[in-house]
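The values are calculated or read from the model by the stated rules, or taken from the named source; none is laboratory data. What you see is a predicted model; the values in this text were computed from it and never measured. Cβ coordinates were reconstructed from backbone atoms using ideal geometry, including for glycine residues, and neighbour counts include every protein chain displayed.
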């Protein structure tokens, strides 16, 4: 029997721990293949929703105390929470990606030699600044300048109506090479620390081995999927990604499936699909991994959902109402003290059973964030997150 769309959705919901809860935040994040954390509070909700009884504090403890999670750069070069156990894979895979062209003017750019010098200085400075708080940006700037020279601290890098020191062009590169990750905030200040101190015994995997492992992880979470789907999720060139797939001998692309899955891959032997079942109602926060990484877009965001829940074709900018694994509306919340006002805008009428599920989800959200929730079913007027 051919694999159907219902089969694919049931598998993804299961793998993402949206139908079967994870036992720990690290297990949940592994199932998501990383949790987008540019908005830290949204990442905490996203992970907690997948762990039975968890709250934002549960996720914070996994990051800050247990260190079973690590915050660093992941897919598309954006900030993610990743399982600490997978950091070696992620850093190696990020180093395998083709280098991106610098967006800065020639007199602003770092040369390859300067980049190497800055990364070496970051490595040395952070290894001598014990976690969890590490060094703030200003402290790290001073340490880098002391090691390589004043040119690294020149305020020449345009950013947010101001200018950053030149060395910050190498921030993501330092993370990719495994010498930097985020530490714990110090008040309102972001800090950085050494992965070698955060994850004892850490060492990046060789790039070739790592990118192949990441392909398998992505397909376990999002498969069947095409190289183009993964390229979009990872932020890599489509042709390069297709070559990586073609060179792997443990992928399967010949399985009975509906036509929309043509060209999709699975990991050979990982071809089990749970029975299609009621996927229920879920409230996915900003940039939830399921919404961002799932394809084909026209299947995940059908009809009006593409207009209402996507921003110029990009997923994640709106919190998504998920019904049976499919985008079926948007939602928004506003907290005032101990109260949480939740507005949900379904794109089609919800049955009595679905409304009961929605009540349960809103109650769950209130528990996660530690506030008393109220639900309004109506139009969401908030615009997309930048």
Inspect the stretch 269-277 for any residue being under 30 Å from residue 41 (Cα atoms) and touching a residue at least 24 places away in the same chain (Cβ under 8 Å) and give the result as yes or no. no
Tell me, yes or no, whether the stretch 13-22 has at least one residue that is touching a residue at least 60 places away in the same chain (Cβ under 8 Å), in contact with a strand residue (DSSP E or B) (Cβ under 8 Å, 6 or more places away or on another chain), assigned to a helix (DSSP H, G or I) and surrounded by fewer than 24 Cβ atoms within 10 Å (Cβ to Cβ). no
Could you grab the pairs with beta carbons closer than 6 Å, sequence gap of 6+ or different chains, first residue in the stretch 279-302 and in contact (Cβ under 8 Å) with a residue 12 or more places away in the chain and on the phi > 0 side of the Ramachandran plot, second one part of a loop (DSSP other than H, G, I, E, B) and surrounded by 23 or more Cβ atoms within 10 Å (Cβ to Cβ)? 287/316
Looking at this structure, is residue 92 surrounded by 16 or more Cβ atoms within 10 Å (Cβ to Cβ) and either modelled with pLDDT of 95 or more or in contact with a strand residue (DSSP E or B) (Cβ under 8 Å, 6 or more places away or on another chain) (or both)? yes
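From the set of residues in the stretch 195-216 that are free of Cβ contacts under 8 Å to residues at least 40 places away in the same chain and farther than 18 Å from residue 184 by Cβ, which is surrounded by the fewest Cβ atoms within 10 Å (Cβ to Cβ)?
Looking at residues that are free of Cβ contacts under 8 Å to residues at least 40 places away in the same chain and farther than 18 Å from residue 184 by Cβ, I get 201.
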Could we say that residue 180 is farther than 22 Å from residue 77 by Cα and either touching a strand residue (DSSP E or B) at 6+ places or on another chain (Cβ under 7 Å) or in contact (Cβ under 8 Å) with a residue 40 or more places away in the chain (or both) here? no
For the stretch 80-108, which positions are in a loop (DSSP other than H, G, I, E, B) and out of contact with any helix residue (DSSP H, G or I) (no Cβ under 6 Å at 6 or more places or on another chain)? 97, 99, 100, 101, 102, 103, 104, 105, 106, 107, 108
Filter result (touching a helix residue (DSSP H, G or I) at 6+ places or on another chain (Cβ under 7 Å), buried (at least 22 other Cβ atoms within 10 Å of the Cβ) and in a helix (DSSP H, G or I)) within the stretch 47-79: 47, 48, 59, 62, 75
Being part of a loop (DSSP other than H, G, I, E, B) and buried (at least 21 other Cβ atoms within 10 Å of the Cβ), is that true of even one residue in the stretch 23-34? yes
(1) more than 19 Å from the chain's Cα centre (by Cα); (2) within 23 Å of residue 211 (Cβ to Cβ); (3) at pLDDT 95 or above; (4) surrounded by 14 or more Cβ atoms within 10 Å (Cβ to Cβ): which one isn't true of residue 232, the others all being true? (1)
Among (1) farther than 24 Å from residue 55 by Cα; (2) crowded, with 18+ Cβ neighbours inside 10 Å; (3) out of contact with any helix residue (DSSP H, G or I) (no Cβ under 8 Å at 6 or more places or on another chain), which single condition is residue 311 missing? (2)
Check whether at least one residue in the stretch 130-143 is in contact (Cβ under 8 Å) with a residue 60 or more places away in the chain, in a loop (DSSP other than H, G, I, E, B) and closer than 22 Å to residue 237 by Cβ, and report yes or no. no
